[in-house]
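Step one of this worksheet: look at the structure below.
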Amino acid sequence: MEPRKQLRKHISEDKYLVVPGAFDALTARLIEIAGFDALYLTGGGFSRANGYPDMGLMTMLEVTHWVGLVCDAVNIPVIADADSGYGNAINVVRTVREFEKTGVAGIHLEDQFAPKKCGHYEGKEIVAPEEMAGKIKAAVDARRDEDFVIIARTDAIAVEGFDAAIDRMNLYLESGADVGFVEAPQNRDQLESIPSKINGPALVNVFKGGKTPVLPKAEFTEMGYRIGIYPNQTHRAAIFAAKEVLQVLKEDGETERYEDRMASWMDREVAVNTEWWREREAEYLSLD
């Protein structure tokens, strides 16, 4: 099944989809190899992979280039972070068209002013709800493939309070969004009430160190969430491992005592599907 239809099917089912975050095509491949049914491209992960904080410092075309590389590397649905749409409703039209070209299955758009900040940073500012509703409608009207999923995100809890965030989300869903993403609920009661208070499928953002409690999959399922994105676990693991092996190399001048904690040569080749490319090489070169 085509990835966008797969994501549509997942959203329609009454179960919880665990969606790990990738920060490049290699981690996307590893997510697919591990057997997950979808992956998430976090803007924060891409920003940090380029040495920037999650403050909207990357341009739209830089991001869509990266998204395209990832979509080309995997066969599962990809959900991408489109920040605040890179401007107003008119900008959102182009944003949706550029993201659609990458092959991504869906995007989320947030109601922060551009440039945005990480949803768990302090000092966020948000646009008027009517402006964001217009951006969601522009996104829905701009898509050329009806299976392309539009996820509306609100960062209003920290700015206007929980009830206002729910009202905003229902306005965005009424404007045509397919999924609701209420960012940074601050306690279990808020988390538990979101799926029943919004008029559409609910997405939750799950990672340690932010404002939102981290709960087991079974509890998110029971609460009624359809999608859980796990944006930075692979990135945090990679940073930790890289720091460790670099410390060993600095101390020893080699990495022998760390070898059992690194991927093998073959693990690396499997991760990038080298055998498939070798087979294509043999097939096409034999035509000479």
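Within the stretch 159-182, how many residues turn out to be surrounded by fewer than 24 Cβ atoms within 10 Å (Cβ to Cβ), under 21 Å from the mean Cα position of the chain (by Cα) and over 11 Å from GLY200 (Cβ atoms)?
Result for the stretch 159-182: 0.
I need the full set of residues from the stretch 15-26 which are part of a helix (DSSP H, G or I) and in contact with a Leu (Cβ under 6 Å, 6 or more places away or on another chain), in order please. Steps first, answer last, please.
Let us first name the residues in the stretch 15-26 that are part of a helix (DSSP H, G or I), namely 25-26.
The answer is ALA25, and nothing else.
Name the residue, out of TYR225, TYR258, that is aromatic (Phe, Trp, Tyr), part of a helix (DSSP H, G or I) and either out of contact with any Phe, Trp or Tyr (no Cβ under 9 Å at 6 or more places or on another chain) or over 19 Å from GLY45 (Cα atoms) (or both). Outline the logic, then answer.
Details: TYR225 fails: part of a helix (DSSP H, G or I).
Of TYR225, TYR258, the one residue that is aromatic (Phe, Trp, Tyr), part of a helix (DSSP H, G or I) and either out of contact with any Phe, Trp or Tyr (no Cβ under 9 Å at 6 or more places or on another chain) or over 19 Å from GLY45 (Cα atoms) (or both) is TYR258.
Pick from the stretch 130-151 the residues that are part of a loop (DSSP other than H, G, I, E, B) and in contact with a helix residue (DSSP H, G or I) (Cβ under 8 Å, 6 or more places away or on another chain): which of them is nearest to ASN91 (Cα to Cα)? Talk me through it step by step, then tell me what you get.
First, the residues of the stretch 130-151 that are part of a loop (DSSP other than H, G, I, E, B): 143-148.
Checking the rest, the ones that are also in contact with a helix residue (DSSP H, G or I) (Cβ under 8 Å, 6 or more places away or on another chain) come to 143-145, 147-148.
Values: ARG143: 13, ARG144: 16, ASP145: 19, ASP147: 21, PHE148: 18 Å.
Looking at residues that are part of a loop (DSSP other than H, G, I, E, B) and in contact with a helix residue (DSSP H, G or I) (Cβ under 8 Å, 6 or more places away or on another chain), I get ARG143.
Could you please find all residues in the stretch 3-22 being modelled with pLDDT under 95 and closer than 25 Å to VAL272 by Cβ?
Residues satisfying the conditions do not exist here.
Rundown of residues vs (1) farther than 18 Å from ASN232 by Cα; (2) in contact with a Cys (Cβ under 8 Å, 6 or more places away or on another chain); (3) of a type outside the set (A, V, I, L, M, F, W, C), yes/no style:
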residue	(1), (2), (3)
VAL19	no, no, no
PHE23	no, no, no
LEU26	no, no, no
ARG48	no, no, yes
ASP54	no, yes, yes
MET58	no, no, no
GLU62	yes, no, yes
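Going by the structure shown, is GLU279 modelled with pLDDT under 95 and either touching a helix residue (DSSP H, G or I) at 6+ places or on another chain (Cβ under 6 Å) or closer than 25 Å to ILE31 by Cα (or both)?
On the way: modelled with pLDDT under 95: yes; either touching a helix residue (DSSP H, G or I) at 6+ places or on another chain (Cβ under 6 Å) or closer than 25 Å to ILE31 by Cα (or both): yes.
Criteria met by GLU279.
Being in a loop (DSSP other than H, G, I, E, B), of a type in the set (Gly, Ala, Ser), modelled with pLDDT of 95 or more and on the phi > 0 side of the Ramachandran plot narrows it down to one of GLY176, GLY209, so name that one. Steps first, answer last, please.
Numbers: GLY209 fails: modelled with pLDDT of 95 or more.
Being in a loop (DSSP other than H, G, I, E, B), of a type in the set (Gly, Ala, Ser), modelled with pLDDT of 95 or more and on the phi > 0 side of the Ramachandran plot holds for just one of GLY176, GLY209, which is GLY176.
Touching a strand residue (DSSP E or B) at 6+ places or on another chain (Cβ under 7 Å), of a type in the set (Gly, Ala, Ser) and either without any contact (Cβ under 8 Å) to a residue 12 or more places away in the chain or buried (at least 16 other Cβ atoms within 10 Å of the Cβ) (or both): which single residue out of GLY21, GLY68 fits that description? Even if it seems obvious, please write down each step before you answer.
Values: GLY68 fails: touching a strand residue (DSSP E or B) at 6+ places or on another chain (Cβ under 7 Å).
Sole residue among the options that is touching a strand residue (DSSP E or B) at 6+ places or on another chain (Cβ under 7 Å), of a type in the set (Gly, Ala, Ser) and either without any contact (Cβ under 8 Å) to a residue 12 or more places away in the chain or buried (at least 16 other Cβ atoms within 10 Å of the Cβ) (or both): GLY21.
Can you name every residue in the stretch 27-75 that is polar (S, T, N, Q) and either under 15 Å from the mean Cα position of the chain (by Cα) or part of a helix (DSSP H, G or I) (or both)? Outline the logic, then answer.
Kept after step one, since they are polar (S, T, N, Q), are these residues of the stretch 27-75: 27, 42, 47, 50, 59, 64, 75.
THR27, THR42, SER47, THR64, listed by residue number.
Of GLY123, GLY103, GLY119, which residue is assigned by TED's automatic domain parsing to the domain that holds GLY43, out of contact with any Phe, Trp or Tyr (no Cβ under 7 Å at 6 or more places or on another chain) and modelled with pLDDT of 95 or more?
Working: GLY123 fails: modelled with pLDDT of 95 or more; GLY119 fails: modelled with pLDDT of 95 or more.
Of the residues listed, the single one that is assigned by TED's automatic domain parsing to the domain that holds GLY43, out of contact with any Phe, Trp or Tyr (no Cβ under 7 Å at 6 or more places or on another chain) and modelled with pLDDT of 95 or more is GLY103.
The values are calculated or read from the model by the stated rules, or taken from the named source; none is laboratory data. In this text, all values refer to a predicted model and were calculated from it rather than measured experimentally. Methodologically, a virtual Cβ is constructed for each residue, glycine included, from the backbone with ideal geometry; neighbour enumeration extends over all protein chains shown.
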